[in-house]
Amino acid sequence: GSGLDVEQIRRDFPVLDQQVRGRRLAYLDNAATTQKPLAVLEAVDHYYRHDNANVHRGLHTLAERATERYESARDRLARFVNARDRREVVWTRGTTEAINLVAQCFAQTELGPGDAVLISELEHHSNIVPWQLACQRSGATLRWIPLAEDGTLDLSDLDALLEGVKLMSVAACSNALGTIHPVRQLVDAAHAAGAAVLIDAAQATVHQRMDVQAWNADFVALSGHKAYGPTGIGALIGTTEWLDRLAPWHGGGEMIETVTLEASTWNELPYKFEAGTPNIAGAIGLAAAIEWFDALDHAALLTHEQVLLHAATEGLQQIQGLRLIGTAADKAPIVSFVIDGVHPQDLATLIDQSGVAVRTGHHCAMPTMAKFGVPGTVRASMACYNSLEDIQQLIAATEIAAEILR
Ligand code: PMP
């Protein structure tokens with residue numbers, strides 16, 4: 001055993017206790033989104049039942065309570081990621097919005113012809129397309145760190161790639177293959193070359209110990225729904241130096257200090273980047289998720305996830321014709337695979353018949369799929385509530401599907 005009481009954890013997730021196609025549900029699509037514990041459902045329910053009001057504006061009791069809960073949620077997230085200051089935490093809809101915020105602000109004031117932005121070949125589309133748009137708008141050039149055969153980044157030419165780079169944006173962990181990147185090494189190299197750094201932490205948030213100070217990046221983007229929290233809430237963690245320096249992005253209420261018909265002045269951080277009524281319930285739900293998650297034994301959790309990853313890797317490799325895509329030594333609990341001669345779509349449809357939820361397709365990483373010469377993969381991604389039974393069910397389901405389709 002790994003020391004983690006998985007049965008106890010599973011009881012906190014009512015959604016897991018169901019049959020799918022007459023079979024026990026094995027939910028292994030956690031890289032797409034995680035399930036939510038009761039603590040989150042209850043926090044959101046409690047907020048709407050008792051405290052619902054708009055934040056920051058009202059002096060009435062409900063408005064004060066809503067504001068207090070919403071701002072406490074910010075403090076909770078700041079503490080969870082080890083931010084230096086609560087003003088570093090900007091609420092967004094998720095990772096995608098956080099990256100777009102930085103990309104568009106950079107396009108406006110920081111990038112121009114002759115400048116470059118560096119990403120990697122292994123990014124989620126949300127860490128590619130915003131930079132393409134930013135480069136198109138500013139005249140800057142987009143470059144990427146190439147992907148090696150095993151699904152790690154080929155850093156042999158990093159220093160040359162960093163020449164003239166204003167900002168480097170890479171994921172801490174790949175959603176498509178599970179590869180964990182050497183974040184601090186990348187950050188140090190980029191800073192030495194004078195570039196700012198954004199780290200996409202969407203997949204890293206609950207599979208590593210988050211510490212933005214240890215990473216030392218200028219920006220970190222994350223999504224609540226991949227960390228046992230609600231959809232539609234996430235954050236950009238940015239240094240106050242950078243957030244002060246950048247011009248606002250969205251305009252509207254909340255983000256201003258004064259408005260005349262001619263001009264406006266900006267609110268202090270982090271509100272300068274938070275136009276409009278925010279996702280109050282989402283922030284409160286995310287704080288509840290973090291509170292719930294932080295109470296787990298993290299060393300035991302990471303061990304448990306590696307046990308699941310190892311079991312899945314070993315078991316799947318026994319299947320004839322099955323090829324794992326991404327074989328890095330340092331991986332989050334994600335297995336991505338194809339079976340020669342079988343379309344991933346057909347494979348996933350049959351796997352679903354066994355009650356196993358996996359993802360199939362390009363995983364919003366078409367350049368990665370292109371590099372490996374496959375249209376897509378089947379991806380099983382684990383979370384704290386997954387058990388060895390889930391993994392056995394996955395392996396058996398894949399075996400059956402492979403036999404039928406071959
Ligand atoms: N980056 C990575 C590595 C991801 O896994 C995801 C979600 N699949 C995103 C970015 C985008 O996150 P969201 O859709 O929550 O904005």
field: Full-extension gain in nm, H250 to D154, via 0.36 nm per residue minus C-alpha separation
entry: 30.9 nm
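Suppose every Lys and Arg Cβ carries +1 and every Asp and Glu Cβ carries -1, with no other charges. What dipole size does the range 35-80 come out with about its Cα centre, to the nearest 20 debye?
On the way: 8 positive and 7 negative charges, 27 e Å.
Charge dipole, the range 35-80, about its Cα centre: 120 debye, nearest 20.
So, by mean Cβ neighbours within 10 angstrom, what's the order for 178-185, 147-154, 381-388 with the highest one leading? Intermediate values should be presented prior to the final figure.
Working: 178-185: 19.9, 147-154: 17.5, 381-388: 24.0.
So the order, starting with the most tightly packed, is 381-388, 178-185, 147-154.
How high is the relative contact order of the range 253-406? Use alpha-carbon pairs under 8 Å, at least six apart in sequence, and give a whole percent. If you can, show how the numbers build up before the last one.
On the way: 177 pairs, mean separation 32.1, N = 154.
For the range 253-406, the relative contact order is 21 percent.
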- request: Mind putting a number on the dipole of the chain about its Cα centre? Charges go on the C-beta only, +1 for Lys and Arg and -1 for Asp and Glu, and I need it in Debye to the nearest 20.
  value: 620 debye
- request: Enumerate by residue number the GluC sites (Glu not before Pro) in the range 266-353 meeting two conditions: DSSP loop (anything except H, G, I, E, B), and at most 14 other Cβ atoms within 10 Å of the site's Cβ.
  value: E268
field: Per residue accessible area in Å² of the range 245-305, where ligands, DNA and RNA are left out and the probe is 1.4 Å
entry: 45 Å²
field: Rounded Å value of the spacing that divides the Cα centres of the range 141-205 and the range 18-89
entry: 30 Å
In order through the range 265-277: 3J(HN,Hα) via Karplus (6.51 cos²θ - 1.76 cosθ + 1.60), integer Hz, x for Gly, Pro: 10, 9, 5, 6, 6, x, 5, 3, 10, 10, 6, x, 5
statement: Net charge (Lys, Arg +1; Asp, Glu -1) of residues whose beta-carbon lies under 12 Å from that of D157, D157 excluded, is -2
query: Tell me, what is the FRET efficiency for Q8 and N216 to the nearest 0.05, using R0 = 30 angstrom and their Cβ-Cβ distance as r?
result: 0.25
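Pulled fully out, how much extra length does the chain show between H46 and T277, if you take 0.36 nm times their separation in residues and subtract their Cα-Cα distance?
Details: separation 231, 0.36 × 231 = 83.16 nm, distance 1.93 nm.
Stretched fully, the H46-T277 segment lengthens by 81.2 nm.
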- prompt: Can you tell which of H250, H46, H60 shows the greatest fluctuation in a Gaussian network model of the chain with Cα springs below 10 Å?
  reply: H60
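In the chain, what percent of the accessible surface is made up of carbon and sulfur (1.4 Å probe, ligands and nucleic acids excluded)?
Numbers: 8220 of 16480 Å².
Accessible surface attributable to carbon and sulfur in the chain totals 50 percent.
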Residue among L111, L302, L59 with the largest mean-square fluctuation in a Gaussian network model of the chain, springs linking Cα atoms under 10 Å: L59
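Over the chain, what is the mean sequence separation of C-alpha contacts under 8 Å (at least six apart), divided by residue count, expressed as relative contact order in percent? List each step's numbers first, then the result.
Numbers: 828 pairs, mean separation 94.7, N = 406.
Relative contact order, the chain: 23 percent.
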query: Any idea of the accessible area per residue across the range 38-111, 1.4 Å probe, to the nearest Å²?
result: 48 Å²
- prompt: So how strong a dipole does the range 1-57 carry about its Cα centre when Lys and Arg Cβ are +1 and Asp and Glu Cβ are -1, to the nearest 20 debye?
  reply: 240 debye
- prompt: How large is the helix-only mean residue ellipticity at 222 nm for the chain, computed as the sum of -39500 (n - 2.57) over DSSP H runs with n ≥ 4, divided by its residue count, in deg cm²/dmol to the nearest 500?
  reply: -11500 deg cm²/dmol
Most mobile listed residue (G238, G112, G326) in the chain, GNM with C-alpha springs under 10 Å: G112
message: Can you return the aspartates and glutamates within cross-link range of K371? Criterion is Cα-Cα under 19 Å, with same-chain partners fewer than 8 residues away left out.
response: E121, E123, E149, D150, D154, D157, D340
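If we sort 96-103, 139-146, 220-227 on the protection proxy, mean other Cβ atoms within 10 Å, highest first, what's the order?
Details: 96-103: 24.6, 139-146: 17.4, 220-227: 28.2.
Output ranking for 96-103, 139-146, 220-227: 220-227, 96-103, 139-146.
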- line: With the dipole of the chain defined by +1 on each Lys or Arg Cβ and -1 on each Asp or Glu Cβ, the option from G58, A196, A31 whose Cα lies farthest towards the positive pole is G58
- prompt: At what distance in nm do the modelled label points of A396 and D17 sit from each other, each positioned 7 Å from its Cα along Cα→Cβ?
  reply: 2.2 nm
message: Tell me the angle of helix 388-405 to the major Cα principal axis of the chain, expressed in degrees between 0 and 90 and rounded to the nearest ten.
response: 60 degrees
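The values are calculated or read from the model by the stated rules, or taken from the named source; none is laboratory data. Since we're looking at a predicted model, the values are computed, not measured. Positions of Cβ are generated from backbone atoms using ideal geometry, with glycine treated the same way; all protein chains shown enter the neighbour counts. To get the accessible areas, we keep the full protein, side chains included, count just its heavy atoms, and leave off ligands, DNA and RNA. Shrake-Rupley method; radii C 1.70, N 1.55, O 1.52, S 1.80 Å.
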